[in-house]
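Worksheet: one structure, shown below.
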Amino acid sequence: MRTPPVFPKPKRSLVFMLLLFSFLFSCDELEQWWPKDTQKQEPADVVHDWYKLLAKVQFGASPQPVPILNFRNFGYIGVGVYEAVHPGIKGSLSLSTQLYQMPAMPTPEKHKEYLWGASANAALASLAKQLLSGLSDADKARIDSMENAYNIKFKSNTTHEVIARSQAFGRSIANAIYNWSTTDNFNLSSVGYTIPVFPGSWELTPPAFPNPVGPYLKNQRPFLASTLNFKVRSFPYTYSEDKESNFYKANKHVYDIGKSLTDEQKAIANWWADAGGTGVGIPAPYHALSLITGVLEGKKLNLGQAAEMYARTGICFKEATLIIWKVKYQLPLLRPITYIRKHIDPAWLSYLPTPPYPEYPSGLVGFYAPAMQVLKREFGDLPIKDNAYGWRGDAPREYASISKLVEEAAKSRVYAGIHYQITQNITIEIGNELGDNISKINLNTP
């Protein structure tokens with residue numbers, strides 16, 4: 001005689017379904033302990049559009065903001081946009097665990113849903129208003145319009161409560177980042193600074209002889225602890241007025257090029273100088289951000305991936321303001337215009353105005369090279385199109401690789417008459433090393 005089953009079949013099925021439901025409910029409950037990992041689903045359009053706007057929003061600023069300050073500010077903006085979305089990336093670390101003296105950032109509410117694009121949208125709007133200088137009422141209106149446009153778009157994807165919660169989180173990140181930025185001891189003033197005098201020392205340059213900019217930037221707080229001990233070799237040529245010396249030849253090279261600049265060389269000098277004044281050129285780092293955004297859009301990254309790359313390249317900008325300007329003022333080297341007018345041609349003028357700080361290393365290359373190195377480390381040395389001034393009717397410039405683009409940017413300052421070629425070559429090396437350091441920042445949990 002068969003032993004009857006413990007449960008009749010219908011009851012056994014019912015129990016199984018109840019157990020399965022209980023298990024799935026438990027998994028859902030556990031999953032909700034952490035904010036949802038939505039960057040993989042959310043596109044990066046919101047951050048790309050914001051960077052396109054913010055890079056150009058100072059177009060009409062008068063006076064134009066100081067480029068060095070802008071590069072520093074976009075460092076904080078990059079860190080801020082990453083922090084505004086990183087809690088939704090499973091296994092990701094806050095940059096507060098990696099950057100020097102960065103405080104702990106606000107955290108999202110447990111068991112709550114977030115739309116990370118809405119968080120990034122609110123954070124970028126807030127950071128722009130707090131960090132970017134010279135914004136007109138029209139600029140602020142453009143920022144508000146961008147934020148509102150994305151808020152309307154987001155409302156079709158989720159609830160008002162989720163959007164409000166996400167906005168509040170993004171703004172809390174922006175406020176925390178801004179407050180941290182105010183304590184970094186960034187100082188462009190030259191009050192109290194005396195230019196040292198020695199053979200080959202830097203002097204104020206014609207025609208305007210502006211005051212020095214940035215002699216105290218060496219005292220600012222870095223993003224990376226390793227930056228405090230970053231080594232840069234001394235300028236390799238000893239000062240000399242001997243026509244057979246390397247130093248004289250370096251200046252003669254700049255002079256000879258400047259005497260017979262081709263139209264193409266002038267175009268290259270102008271392209272990378274972002275020159276033209278209020279309403280013509282756009283303040284740095286517009287050009288660099290245009291390049292970065294173009295690469296990231298081409299790679300079709302998701303929101304979290306794009307935010308991470310804006311953070312890494314922004315860190316490059318901020319660190320360059322310390323590393324490059326620290327070395328510039330350690331043993332301030334005279335500019336070509338000073339040497340050439342004294343020892344080669346007293347009437348000579350550089351094609352473009354000489355910036356008000358020492359020659360070595362190169363500021364422009366010091367900003368571009370590390371950011372481009374970060375892109376190379378992530379995506380390879382890929383072909384790249386530079387359409388930064390397409391809006392002005394200028395044809396894009398195309399390069400076989402990111403490295404070739406950096407080489408042209410470096411050469412542009414020799415054509416401009418403001419840097420030695422050896423300086424540009426060494427600064428590319430400096431930038432590549434800095435970019436490598438920043439690429440190694442670990443943003444994943446073990």
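Data for the structure
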{"quantity": "Under Karplus coefficients 6.51, -1.76 and 1.60, residue-wise ³J(HN,Hα) of region 305-312 in Hz, glycine/proline x", "calculated": "5, 5, 4, 4, 5, 5, 5, 5"}
{"quantity": "Debye log10 I(q)/I(0) for region 133-188, one point scatterer per Cα, at q = 0.13 Å⁻¹", "calculated": "-0.51"}
{"quantity": "Projected area, mean over directions - the chain, Cα convex hull, nm²", "calculated": "27.9"}
{"quantity": "Ordering of 85-94, 115-124, 340-349 by packing [mean C-beta count within 10 Å, highest first]", "calculated": "115-124, 85-94, 340-349"}
{"quantity": "Region 147-241: proportion of alpha-carbon pairs further apart than 17 angstrom, %", "calculated": "74"}
{"quantity": "Most to least packed among 135-142, 422-429 [average Cβ atoms within 10 Å]", "calculated": "422-429, 135-142"}
{"quantity": "For region 217-440: relative contact order, % (alpha-carbon pairs under 8 angstrom, 6 or more apart)", "calculated": "28"}
{"quantity": "Centre separation in Å (Cα based) which lies between region 191-263 and region 48-71", "calculated": "27"}
{"quantity": "Label point distance in nm, ALA164-LYS140, each placed 7 Å from Cα along Cα→Cβ", "calculated": "2.6"}
{"quantity": "Segments 216-224, 95-103 sorted - mean Cβ within 10 Å per residue, highest first", "calculated": "216-224, 95-103"}
{"quantity": "Directionally averaged projected area (convex hull, Cα atoms, region 44-182), nm²", "calculated": "8.6"}
{"quantity": "Computed [θ] at 222 nm, helices only, for the chain once each DSSP H run of length n ≥ 4 contributes -39500 (n - 2.57)", "calculated": "-17500 deg cm²/dmol"}
{"quantity": "Kirkwood hydrodynamic radius of region 55-99, from inverse mean 1/r over distinct Cα pairs, in Å", "calculated": "12.5"}
{"quantity": "Stokes-Einstein D in µm²/s, Kirkwood radius over Cα pairs - region 217-440 at 25 °C with 0.890 mPa s viscosity", "calculated": "134"}
{"quantity": "Base-10 log of normalised Debye intensity for region 276-395 (one unit scatterer per alpha-carbon) at q = 0.09, 0.16 Å⁻¹", "calculated": "-0.35, -0.93"}
{"quantity": "Reciprocal mean inverse distance between Cα atoms of region 345-432 - Kirkwood radius, Å", "calculated": "14.1"}
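Any read-out appearing in this document is the output of simple, stated calculations on the displayed coordinates, not a laboratory observation. Keep in mind the model is a prediction, meaning the values are calculated, not measured. Positions of Cβ are generated from backbone atoms using ideal geometry, with glycine treated the same way; all protein chains shown enter the neighbour counts.
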